[in-house]
Amino acid sequence: MNSYDPDNLASAVTLNRVLEETLRLTPALYFLPRRATVDTWIETTDHRKMFIPKGTQLRLDVWHANRCEEFWGKAVTGYPAEAFAPDRWEVLAKKGITAKDMLHFGFGHGPRFCPGRFLGLLEVGLVVGAVVKMFKFTAVGKETQAKAGVSTKPADGVLVDLELRP
Ligand code: HEM
């Protein structure tokens, strides 16, 4: 593909898998805040009952949900949950599984799900697609840690060497 535009972006398979995997491992919001507006009982996956009193402040742990071995591990996706492996999305696609079927909160979940998901994916795809066509990227550090803030950021401020492609 010579360039990416809104019409051909869906067929940019590798780019989309890299973006999906990046959002899974480094979600923009690494927790979602909630407050119980009524007394609530919930049932956990191992069938325990949990009482959440009205007014309780909750933090939904997106970071660890998106790395849960049970959902994202080798048995389901073909790769360890902690690994950056864009090809796991091909394994999932072959099984007919999408991000919607998984424990994946990159765009939230339920009634407050991000209404800008498709616009966001389009913008990110077009910008990242255009930049990687122009430059070759080489990471300066071997590994970059994520830094917690209002949103997730790279701790080293994204140190990369850029080389203009011919
Ligand atoms: C890649 C880009 C984006 C990411 C990763 C993202 C992520 C999220 C997440 C995780 C939430 C859920 C927050 C929660 O449940 O507490 C959310 C909500 C929301 N997003 Fe996005 N978003 C993106 C792009 C956009 C864009 C482009 C728009 C608007 C043009 C947008 C508008 C909103 C709005 C209005 C909400 C609040 C929905 C509600 O509370 O009912 N987002 N987003």
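Observations on the structure shown:
- Counting every other Cβ atom within 10 Å of each residue's Cβ, 91, 38 order from fewest to most as 38, 91.
- Column: log10 I(q)/I(0), Debye, Cα scatterers of the chain, q = 0.16 Å⁻¹: -1.12
- Dipole orientation for the chain: of the candidates 115, 55, 9, 55 has the Cα lying most toward the positive pole (charges on Cβ; Lys, Arg +1; Asp, Glu -1).
- For the chain, the longest principal axis of the C-alpha atoms and the axis of helix 117-134 are separated by about 30°.
- Sparse-neighbour loop sites [GluC sites (Glu not before Pro); the stretch 54-147; at most 16 other C-beta within 10 Å; DSSP]: 82, 143
- For residue 60, net neighbour charge (Lys/Arg +1, Asp/Glu -1) across residues whose Cβ lies under 15 Å away: +4
- Too-long pairs where the Cα-Cα distance tops 28 Å, listed order kept, from 100/153; 49/100; 49/94: 49/94
- Three-way shape call for the stretch 83-132 based on the alpha-carbon gyration tensor, with the a/c threshold at 1.5: oblate
- Positive minus negative residues near residue 24 (Lys, Arg vs Asp, Glu; Cβ under 10 Å): 0
- The magnitude of the dipole of the stretch 1-130, with charges of +1 and -1 set on the Cβ of Lys/Arg and Asp/Glu and taken from the Cα centre, is near 480 debye.
- For the options 61, 87, 46, a Gaussian network treatment of the chain with springs between C-alpha atoms closer than 10 Å singles out 46 as fluctuating the most.
- Under the Karplus curve 6.51 cos²θ - 1.76 cosθ + 1.60, θ = phi - 60°, whole-Hz ³J(HN,Hα) for the stretch 5-17, x wherever Gly or Pro sits: 9, x, 7, 9, 4, 4, 8, 7, 4, 5, 4, 5, 5
- Counted by Cβ distance under 14 Å from residue 161, the other residues give a net charge of +1, where Lys and Arg count +1 and Asp and Glu count -1.
- Trypsin sites (Lys or Arg not before Pro) lying in DSSP loop within the stretch 30-92, provided at most 14 other Cβ fall within 10 Å: 48, 54
Readers should treat all values here as calculations from the given coordinates under stated rules, not as data from a laboratory. From a predicted model like this one, the values you see are computed outputs, not experimental measurements. Counting neighbours? That spans all protein chains shown, and the Cβs are built from the backbone with ideal geometry, glycine included.
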